[in-house]
Amino acid sequence: MEYSTHYNAILYLYIAGLAGVVLFSVALIAGEIYLIKQYTKDKSIVEFVGAVAIPVIFVLLTIFYSSNYILDIPYAIKNDYTIATGTATGWDTTGKGNTTKSFNFTTDDGTSIDLFILSSDSIHQGDRFEVMFLPHTGCGAIVKQLSKV
């Protein structure tokens, strides 16, 4: 089967997610720098730590969250996607009318994955698919629907 027809959809999801993470990280770091400059002027150390600690925690959480996108960069560049067959074990969580779907997918070997795909069809628990996806973020595409509940 020719899988290259799905590359654009997967890259679209991946790049949109990566751009969101990068923009959010830049905004947090810029805000952090601003707070440090503001609170190093006339403030006590307690006020400084209180004002800076929470944004630092957000920056660290953002770095942790973005690690999946960073780990998937080589896979996206090489078009090295994981291809698996399995069953949707969770419902589409995005609602009606959305083309981006998010659902839990269990492969035939028992691996559970949270997938994010582009599809105009609804996803129901028990539907079987052949999917291709990036291993860390779960951005992917349905290659073939094998059965529908």
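The values are calculated or read from the model by the stated rules, or taken from the named source; none is laboratory data. The structure presented is a predicted model; accordingly, all values stated were derived computationally and were not measured.
Candidates in region 57-77 are the residues that are closer than 16 Å to Val21 by Cα and among the aliphatic types (A, V, I, L, M); of these, the one that is modelled with the highest pLDDT is Leu71.
Across region 78-103, what is the number of residues that are modelled with pLDDT of 80 or more and not in a helix (DSSP H, G or I)?
11
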